[in-house]
Amino acid sequence: MTSKLVFRILFLLLITRSALAQHVSLPNPIMFVTQVPIPSDSSTVTTVFSNHLGSMMSAGRGGDLYIYYPDGTLKNLTKLAGFGTDSLQGADAIEVRQPSVHWSGKKAFFSMVIGAPTTQGQIQQYFWQIYEVTNLGETETPIITKIANQPPNYNNISPIYGTDERIIYTSDRPHGGQAHLYPLLDERFSFPATTGLWSLDPSTGDLFQMNVSPSGAFSPFIDSYGRVVFTRWDHLQRDENADKDAVTGSNMFGTFNYSDESANATITDSRLEVFPEPSPSRQDLLSGTNIRGLTFDQFFPWQINEDGTSEETLNHIGRHELLTNFTRSLTDDTNVTDFLISNSGRLNNPANLQSLLEMSEDPLNPGTYYGINVLQSGFDQHSSGQIVSLSSAPTLDPGAMALSYITHEATALPTIEGGTPNPNNSGHYRNPIRLSNGTLIAVHTAETRSDKRGGTHANPFSRYDFRIKTMKRSGNIWVADSFLTTGIRKRISYWDPNALVTFDTIFWELDPVEIRARTKPVRRTSILPSPEQQVLIEEGVDEKKLRDDMKQ
């Protein structure tokens, strides 16, 4: 038997035809990833925040990159390209995430982590890196290439194509690449976080940080207007763990301040913070003042230009347009009142939004974005919750941006353990996308409770069975309908690090994207308004030099 014939047989074995009872009609192929169903929702690949880590506990191993074609054919891209391994996961093991298709529809970025312990107790560091896959046709053999010149010892995830072919992505690289500042810890729980959005020219290695997000930036994409849209965690309040240590005097979290950010900085005995005002828990600091205490903790949509300028919330939307209530900041001014949606006069958004995760733009209605509303403080939902949409064309004022519930609001919250599910709760949803023919698909689990590990540490299983499904209307809301695939089952094991963890189950299907050509939007630039231009002229200041100085 010739090697060519052997390869052809292997190729055919790796391409399967889905035998669905009800065939799903799609306008284009769908690319997605599979993920080992890790029940833990603390710093794992499906958590709301701190989801960027490449460790065995965070990402597991054994997933693959797939394409589902409109005729029902399913292709394992990573395996056909020579990546990954079956059964015991070792040096060649992989996990994959977040594919993003090029404007031409002919190639795609994704992130992949390679390697796993080969023996019990072995501890190593593993990092997500960016790869590109080409040859996406049904009869083509895919080719996967690692992107050159990316920072090698950091987690580089959620890559997308810029309008100038640069790569925009999120990373946990410190702002200046200083190893002693790694890792960044978020402002609320002190969990590892990404540092913001980055832009890389892979041909030259030119790299710059587009923004700084102290608690993380997530899932960027470029919309039809040329805006880089992403979710940012804004925890604009004082360190919660430091407050607990100060109030209790127990030093439970071991918080402290460094003397500065240099490599030889010393640990001080101070936790002093001067911005913003104290939280309500610090009555010792608020006593005798007119300050109410600040609570500010949200995942809102943001926008920025590709060159890192003009960062702001999407259309400058704020808490008044999206939240149901928040308290006033001062106690002695009758003109400052608590914000309540019931008396706000808000008409476009009578609904409320706690967060907006995993956003994507409707290709048939530019400026309308789908996403997931989930209480970020509620662990054990794996970033799943309620599908919502937000109308946010650049011409809309924040007050005119309409928020719509796609699935019932009961899907945002888990059923209390032992409680009766809300009859309107059709389960939890992730990764909603509207296809070019109007079909809405999403990742779905019918489980309404929080996730909880079943089995043992060595043989765990999850309550959640995330699968990609089409959506259908049921009255005024949408619910999950047909499966995309018949299910992708694998039996794998890996060391974590002292126990041999084994999964024999249908893997989660996550991060679907439609493979199609798209019109590349015009690159956005920031133009200084005429009043500011006039001031610079009067003061004899060169605008370009000022911009360069500020950037430096």
Phi angles of the range 93-107, converted by Karplus (6.51 cos²θ - 1.76 cosθ + 1.60, θ = phi - 60°) into ³J(HN,Hα) in whole Hz with x for Gly and Pro, give 5, 9, 9, 10, 6, 6, x, 9, 8, 5, 3, 6, x, 10, 7
Under the rule of -39500 (n - 2.57) per DSSP H run of 4 or more residues, summed and divided by the residues of the chain, what mean residue ellipticity at 222 nm is obtained, to the nearest 500 deg cm²/dmol?
-2500 deg cm²/dmol
In Å, the Kirkwood hydrodynamic radius of the range 336-457 over pairs of distinct alpha carbons?
15.8
Cβ neighbours within 10 Å, averaged per peptide: list 101-112, 330-341, 120-131, 55-66 in order, most packed at the top.
55-66, 101-112, 120-131, 330-341
Taking only C-alpha pairs under 8 Å that are 6+ residues apart, what is the relative contact order of the chain in percent?
15
List the residues whose amide H sits under 5 Å from the amide H of Val48, counting only those 5 or more places along or on another chain, with H placed 1.01 Å from N in the peptide plane.
Ser383
When Rg is the radius of gyration of the Cα atoms in the chain and Rh is its Kirkwood radius, what does Rg/Rh come to?
0.97
Between Tyr225 and residues 5 or more places away or on another chain, the pairs with built amide H atoms under 5 Å apart involve none
Show me, for the range 140-151, the HN-Hα J-couplings you get by feeding each phi into the Karplus relation (A = 6.51, B = -1.76, C = 1.60, θ = phi - 60°), rounded to Hz, glycine and proline as x.
8, 8, x, 10, 10, 10, 6, 5, 6, 6, 7, x
Residue by residue through the range 259-275, what is 3J(HN,Hα) from phi via Karplus (6.51 cos²θ - 1.76 cosθ + 1.60, θ = phi - 60°)? Round to whole Hz and write x for glycine and proline.
5, 6, 9, 6, 5, 9, 4, 9, 7, 9, 9, 10, 10, 4, 10, 10, 8
Ratio of alpha-carbon Rg to the 2.2 N^0.38 Å globular estimate for the range 260-367, to two decimals, please.
1.47
Residue-normalised accessible area of the range 364-471, expressed per residue, 1.4 Å probe, Å²:
37
Can you give the longest stretch of the chain with no exposed loop site, where a site means GluC sites (Glu not before Pro) in a DSSP loop (not H, G, I, E or B) with at most 15 other C-beta atoms within 10 Å?
262-416
Projected onto their principal axes, the Cα atoms of the range 442-487 stretch, largest extent first, over whole-Å spans of 42, 23, 10
What per residue convex hull volume, in Å³, comes out for the range 400-552 when only alpha-carbon positions are used?
263
If you stretched the chain out fully between Arg516 and Glu312, how much longer would it get, using 0.36 nm times the residue separation minus the C-alpha to C-alpha distance?
70.5 nm
Rg/Rg_ref, the range 25-66, where Rg_ref = 2.2 N^0.38 Å and atoms are Cα:
1.40
Calculate the length of the line joining the C-alpha centroid of the range 290-362 to that of the range 456-484, in whole Å.
31
Between the range 205-275 and the range 385-426, how far is it from one alpha carbon centroid to the other, in angstrom?
29
Rounded to the nearest 10 degrees, what's the angle between the helix 530-539 long axis and the longest principal axis of the chain, both from Cα atoms, 0 to 90?
60
Counting only protein heavy atoms and using a 1.4 Å probe, what share of the accessible area of the chain belongs to carbon plus sulfur, as a whole percent?
53
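The values are calculated or read from the model by the stated rules, or taken from the named source; none is laboratory data. Predicted, not measured: the structure shown is a model, and the values here were computed from it. Cβ coordinates were reconstructed from backbone atoms using ideal geometry, including for glycine residues, and neighbour counts include every protein chain displayed. Only protein heavy atoms, including side chains, enter the accessible area calculation; ligands, DNA and RNA are left aside. Shrake-Rupley method; radii C 1.70, N 1.55, O 1.52, S 1.80 Å.
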